[in-house]
Amino acid sequence: MTRYIEEHREVHQLFASHLYTCDLDDPFNELKDHKEDPGHVYPGEYWGAQQNSKAKIDNYNPDYRVLEKFPEIKEKILTICSDYLKGYFGYTKNDFLISTSWITITPPSVISTEHNHRGAFFSGVLYFDEYDEKSGRLVFVDPLTLLKPYNLESIYEMDRDKCWSYVITPAHGRLCLFPSYLRHKVEKNTSDVTRYSLAFNILPKGRWNVSDSDSMIDSEWFAE
Ligand SMILES: [Fe+2]
């Protein structure tokens, strides 16, 4: 029976979520030099802990357009993302834009709670700073988890196509790109150094949702 299963089987891995990574050879000094500027974003748990402070809330003015200040880095990231989306997925009828971008600050002992990025198509993170094994890894969670009515332990649960969560270790120059629906979190930063990363969202340009009739959007409608 086992032999029959191994010799005649075909396993169809349906409807994968695609995580793209690459390691860029760039010091990203501009981002490093501005990483302590005001307006950066704290993970949800830290922010929640601050909500008793009225002054903190009043002074909190997050900058979600950080990459507008660094056009060369923005162009570099966008080129990689566009090449991937067109080349791998075949989305050649659209160009793409970076809609929002922000620097996330994760102080020592802080985590980022699980979330996804709504209002976006793809999302990404660039690790422009320096990190070590205590900085806190990026953890992606299987979006089908909520649909699965069971939780069985498996000896293969670390395999990419069978795991319930998947981990990326931050390293200088590492770029990750993933569909915005994919929920993710950051493990506790157990180092004594604040962890900085650049997050961003991507939208298509031109016409999209074309086959959905009343959901169709043309970005030209909103061009100024
Ligand atoms: Fe995120």
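The values are calculated or read from the model by the stated rules, or taken from the named source; none is laboratory data. In this text, all values refer to a predicted model and were calculated from it rather than measured experimentally. Using ideal geometry, Cβ is built from the backbone for each residue, glycine included, and neighbour counts are taken over all protein chains shown.
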Practice problem: For ARG183, indicate whether it is surrounded by 14 or more Cβ atoms within 10 Å (Cβ to Cβ), touching a Gly at 6+ places or on another chain (Cβ under 7 Å), touching a residue at least 40 places away in the same chain (Cβ under 8 Å) and over 20 Å from ILE77 (Cα atoms). | Solution: no
Quiz item: Inside the range 200-224, can you point out the residues that are β-branched (Val, Ile, Thr) and out of contact with any helix residue (DSSP H, G or I) (no Cβ under 8 Å at 6 or more places or on another chain)?
Solution: VAL210, ILE217
Exercise. Identify all residues within the range 75-114 that are over 30 Å from THR190 (Cα atoms) and assigned to a helix (DSSP H, G or I); write none if there are none.
Key: GLU75, LYS76, LEU78, THR79, ILE80, CYS81, SER82, ASP83, TYR84, LEU85, LYS86, GLY87
Quiz prompt | Filter result for GLU157 (touching a His at 6+ places or on another chain (Cβ under 9 Å) and either away from the ligand (no atom under 16 Å from the Cβ) or not aromatic (Phe, Trp, Tyr) (or both)) | solution = no
Exercise. Select, from SER123, SER135, the only residue that is within 13 Å of the ligand (Cβ to nearest atom), in contact (Cβ under 8 Å) with a residue 24 or more places away in the chain and in contact with a Ser or Thr (Cβ under 6 Å, 6 or more places away or on another chain).
Key: SER123
Quiz item: Taking the stated definitions as given, is LEU85 in contact (Cβ under 8 Å) with a residue 12 or more places away in the chain, surrounded by 20 or more Cβ atoms within 10 Å (Cβ to Cβ), more than 12 Å from the ligand (Cβ to nearest atom) and hydrophobic (A, V, I, L, M, F, W, C)?
Solution: yes
Quiz item: For the range 78-87, does any single residue satisfy the condition of being at pLDDT 95 or above, charged (D, E, K, R) and farther than 21 Å from THR21 by Cα?
Solution: no
